[in-house]
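Worksheet: one structure, shown below.
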Amino acid sequence: MVQLDNDCFAFGGPMMALEPALALLAGRVGPVTATEAVPLSDALGRVLAADLVAPFNVPPHDNAAVDGYAVFFDDLDADAPTTLPVTARVAAGQWLGRPAARGEAVRIFTGAPMPAGMDTVFMQEDCRSAGTGRDATVTLPPGIRRGVNRRLAGEDVREGSVVLSAGRRLRPEDIALAASLGHAMLDVRCRLRVAVFSTGDELRQPGQALEPGAVYDANRFALIALLTRLGCAVTDLGILPDRFEAIRDALAEAATGHDALITSGGMSTGEEDHVKPAVEANGRLDFWRLAIKPGRPVALGRVLDAVFVGLPGNPVAVVVTFLRIARPILLTLMGASAETPRPIPVRAGFAQKKKPGRREFLRGSLVLGADGALEATKYPRDGAGVLSSLVESEGLIELPEDLARVEPGMIVDFLPFKEFL
């Protein structure tokens, strides 16, 4: 816990640092979704519900890795070229149909099953062929190693091994591997049902007239996009007015048909900030003030049986807190394995003062310095309402709690947005 002084959010006692908060999250939520079987074509991005075990070896048999000639290594002269009769031809999907005999060579193509007993394959460009039909021969150069250009059965996947673990969010290559094992359907977690709404009398729906004092609601659309990309089934509940009763009733109604509720705004303690008491009227809040910038007023709790996540009202703070806080919560609810973003240590190309005791996230991009090393540049405007800073940046520069100042040349952590998406 870190006490922050002279901070507009530092009221009512100490704030919680980010890492303890994330550890708390891990112990407060668990998977809430059921499972279903889906075809491979619909499995991308879904969370695997059970370990996928290989029912057979991949490849199922030894096969040729190149186009060429299969032989017995022991038939080769170690010091001089070897000439053998070419007695058969085997393409992918075919079998020789008999045991191979010593002293013969078989014309073979990539992926074709190795003739039984043969253990080595010469690349065709290294060989000299002569004759046709029963008179066909091939001359093979010396110096090859035993077993070269032969793929062994099970070299890719061994029968009985776990090839994909439960909790994995399926990628294109995962689906390809499942297909190679003959799976037409996969058991996955049902999509997490998430309701999203914004609060604020100043907010308007894009497309509506914008009177003085009003602004368009960008946060809700950012959250819907982030949730959709995460694989959630999203319900848009629109904009709620800044009235306690309206927010309380909307939360209770949404909780009955959703696994999670996410809102932005109204999480402070001003006279028009009603989300916190509205949640507490229908459930509880576990924490709601974090030592981070931007962000700080972030809530985790429950409304009836639904998990509640309350994010700040500023657009940049919404995206940052979603990526670093809401996203781990939702992945846990989805039954997904932890996906901790991997920062890139890079050289700072800027100077920056920082308040000790809180985690800060700057928007920035990577450039190559004069010496070819990666260097982080900071977006020139820091405001939590500068939405264009997210569009024009490549990621977040994460500054730890104990840091007071960034100097040019210092190593800092850079989190590319693609690590989250």
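The values are calculated or read from the model by the stated rules, or taken from the named source; none is laboratory data. Everything numeric in this text was worked out from a predicted model, so none of it was measured. Glycine also receives a Cβ, built like all others from the backbone with ideal geometry; neighbour counts cover every protein chain displayed. Just so you know, the surface numbers come from the protein's heavy atoms only, side chains and all, with ligands and any DNA or RNA stripped out. Shrake-Rupley method; radii C 1.70, N 1.55, O 1.52, S 1.80 Å.
Note the listed values (i) 1.25; (ii) 1.40; (iii) 1.20, then indicate which one is Cα Rg over 2.2 N^0.38 Å calculated from this particular structure.
(ii)
Please report the relative contact order for the stretch 324-421, taking Cα pairs under 8 Å with a sequence separation of at least 6, and give it as a percent rounded to a whole number. Working shown, then result.
Details: 172 pairs, mean separation 36.0, N = 98.
That works out to 37 percent.
Using Cα atoms only, what is the angle between the long axis of helix 18-28 and the major principal axis of the chain, expressed in degrees (0 to 90) to the nearest 10?
80 degrees
Magnitude of the Cβ-charge dipole of the chain, K/R +1 and D/E -1, about the Cα centre, nearest 20 debye?
Working: 44 positive and 52 negative charges, 34 e Å.
That gives a dipole near 160 debye.
Can you give the extra length, in nm with one decimal, that the chain gains between GLU419 and ARG405 once fully stretched, where that is 0.36 nm per residue apart less the Cα-Cα distance?
Numbers: separation 14, 0.36 × 14 = 5.04 nm, distance 2.56 nm.
Fully extending the segment from GLU419 to ARG405 adds 2.5 nm.
5 Å is the cut-off here: which amide hydrogens, built 1.01 Å from N in the peptide plane, fall below it relative to LEU403, excluding neighbours closer than 5 in sequence?
Under 5 Å from the amide H of LEU403 lie the amide H atoms of GLY357, each far enough along the sequence or on another chain.
With a 1.4 Å probe and every protein chain left in place, work out the accessible area per residue of the chain in Å², rounded to a whole number.
Values: 19400 Å² over 421 residues.
Computed with neighbouring chains in place, this is 46 Å² per residue.
Give me the aspartates and glutamates in straight-line cross-link reach of LYS378: C-alpha distance below 13 Å, same-chain residues under 8 apart excluded.
GLU360, GLU392, GLU394, GLU398, GLU407, ASP413
Of GLY364, VAL309, ALA338, which is farthest towards the positive pole of the stretch 278-392's charge dipole, taken about the Cα centre with +1 and -1 on the beta-carbons of Lys, Arg and Asp, Glu respectively?
GLY364
Of all trypsin sites (Lys or Arg not before Pro) in the stretch 86-145, which ones are in loop regions per DSSP and have a Cβ with at most 14 other Cβ atoms within 10 Å?
Taking the stretch 86-145 and a limit of 14 other Cβ atoms within 10 Å, the loop trypsin sites (Lys or Arg not before Pro) found are ARG102, ARG145.
For the pair GLU19/ALA209, report the inter-label distance in nm, with labels modelled 7 Å from Cα in the Cβ direction.
Taking the simple label geometry, GLU19 and ALA209 are separated by 5.5 nm.
Within 10 Å, at most 13 other Cβ atoms, and a DSSP state outside H, G, I, E, B define an exposed site. Report the longest part of the chain free of exposed chymotrypsin sites (Phe, Trp or Tyr not before Pro). List each step's numbers first, then the result.
On the way: sites that count: PHE11, TRP95.
The answer is 96-421.
Given 0.36 nm per residue, what is the gain on full extension from VAL391 to LYS353 after removing their alpha carbon distance, in nm?
Details: separation 38, 0.36 × 38 = 13.68 nm, distance 2.39 nm.
Fully extending the segment from VAL391 to LYS353 adds 11.3 nm.
Helix 244-255 versus the longest principal axis of the chain: what is the Cα-based angle in degrees, 0 to 90, to the nearest 10?
Relative to the chain, helix 244-255 is tipped by roughly 20 degrees.
Keeping the other protein chains in place, figure out the carbon and sulfur percent of the accessible area of the chain, with a 1.4 Å probe.
Details: 10180 of 19400 Å².
Exposed carbon and sulfur together represent 52 percent of the surface.
Once the Cα atoms of helix 219-230 and of the chain are each reduced to a long axis, what angle between those two axes, in degrees from 0 to 90 to the nearest 10, is obtained?
Its long axis makes an angle of about 20 degrees.
If you average the alpha carbon positions of the stretch 148-164 and of the stretch 342-381, how far apart do those two centres end up, in angstrom?
The distance from the Cα centre of the stretch 148-164 to that of the stretch 342-381 comes to 44 Å.
When the helices in the chain are scored as -39500 (n - 2.57) per DSSP H run of 4 or longer and the sum is shared across all residues, what 222 nm value do you end up with, to the nearest 500 deg cm²/dmol? Please list the in-between numbers first.
On the way: 8 runs with 70 residues, N = 421.
After summing the helix terms and dividing by the residues of the chain, the value is -4500 deg cm²/dmol.
Alpha carbon centre of the stretch 284-322 versus the stretch 182-241: separation in Å?
Distance between centres, Cα-based: 16 Å.
If each residue of separation counts as 0.36 nm, what is the full-extension length gain between ALA179 and ARG243 once their alpha-carbon separation is subtracted? Mind showing how you got there, number by number?
Details: separation 64, 0.36 × 64 = 23.04 nm, distance 5.25 nm.
Taking 0.36 nm per residue and subtracting the Cα distance, the gain is 17.8 nm.
Just grab the label-to-label distance for GLU36 and LEU152, each label 7 Å out from Cα along the Cβ direction, in nm (one decimal).
Rounded to a tenth, the inter-label distance reads 4.3 nm.
Taking R0 as 22 Å, what's the FRET efficiency between ARG28 and VAL53 from their Cβ-Cβ distance, rounded to 0.05? Working shown, then result.
Values: r = 32 Å, r/R0 = 1.45.
Efficiency, rounded to the nearest 0.05: 0.10.
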